[in-house]
Amino acid sequence: MAAVVGDRGSVRQGEAARTGLPDASADVVIGEAMLSMQGDKAKAAIAAEAARVLRPGGRYAIHELGVVPDDIDEAHYTKLRKDLARAIHVNARPMTAAAWKQLMEEAGLVVDWVDTAPMALLKVGRNLRDEGLGGLARIARNVLADAELRRHVLRMRRTFKRYERDMVGIALVAHKPE
Ligand SMILES: C[S@@+](CC[C@H](N)C(=O)[O-])C[C@H]1O[C@@H](n2cnc3c(N)ncnc32)[C@H](O)[C@@H]1O
């Protein structure tokens, strides 16, 4: 990360709910694939921290796991969450667009834009585009060489496939009111 940022800024590693940054010090806060894995309280704490460090008019952008539709059957949603947690070994809680929006609004932000894309996690075509042939070959080699890892990846893949109509990638952009 430091190599990417270079002398355009500084890189710190820390807890997203307690960044240590001053109030209203950021133009933009970006969170990528790190809220879905938090419980409700931690999600709210991180969104509140983003709102605190943003200057008025500043933007918070997130990219996370979504579920559709907003009125998804409650029992099906509970099963999806349980199966996902079991498969990826993280108590992931993907949410509906309405719930992601509510999270932002409860942090005092105004949501400007929401969009979703089909679930592409562990899809070979998508991995190839993202990682390139060399990257995909390296991942495949590692997975093939380790039986436990192979079982784990295949289980994740089966679960993503089972719920591919229910799960989406979701992105939101919100701003802090003036
Ligand atoms: C699924 S990965 C996302 C990867 C990252 N966006 C990237 O492109 O490489 C989730 C990351 O969020 C980090 N993370 C999870 N909870 C966090 C928290 N409360 N504070 C800071 N980082 C956290 C994890 O350590 C992990 O590196």
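The values are calculated or read from the model by the stated rules, or taken from the named source; none is laboratory data. In this text the structure is predicted, and so the values were computed from the model without any measurement. Methodologically, a virtual Cβ is constructed for each residue, glycine included, from the backbone with ideal geometry; neighbour enumeration extends over all protein chains shown.
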Going through ARG12, ARG52, ARG59 one at a time, which residue ends up being in a loop (DSSP other than H, G, I, E, B), basic (Lys, Arg) and out of contact with any Gly (no Cβ under 7 Å at 6 or more places or on another chain)?
ARG12
With the first residue restricted to region 108-137 and required to be part of a strand (DSSP E or B), and the second required to be loosely packed, with under 12 Cβ neighbours inside 10 Å and not aromatic (Phe, Trp, Tyr), Cβ contacts under 9 Å at 6 or more apart or on different chains are VAL110/PRO177
Within region 102-119, identify whether any single residue is within 20 Å of ALA33 (Cα to Cα), of a type in the set (Gly, Ala, Ser), surrounded by 15 or more Cβ atoms within 10 Å (Cβ to Cβ) and under 17 Å from the mean Cα position of the chain (by Cα), and answer yes or no.
no
Could you grab me the full set of residues in region 89-101 that are surrounded by fewer than 17 Cβ atoms within 10 Å (Cβ to Cβ) and assigned to a helix (DSSP H, G or I)?
ALA98, ALA99
GLU64: within 13 Å of the ligand (Cβ to nearest atom) and assigned to a helix (DSSP H, G or I), yes or no?
no
Which one of ALA3, ALA85 is without any contact (Cβ under 8 Å) to a residue 60 or more places away in the chain, part of a helix (DSSP H, G or I) and exposed (fewer than 15 other Cβ atoms within 10 Å of the Cβ)?
ALA3
Condition set more than 19 Å from VAL68 (Cα to Cα) and among the β-branched types (Val, Ile, Thr), scope region 132-178, selection modelled with the highest pLDDT: answer is ILE139
Going residue by residue through region 37-60, is there one that turns out to be more than 16 Å from the ligand (Cβ to nearest atom), more than 25 Å from ARG18 (Cβ to Cβ) and of a type in the set (Gly, Ala, Ser)?
no
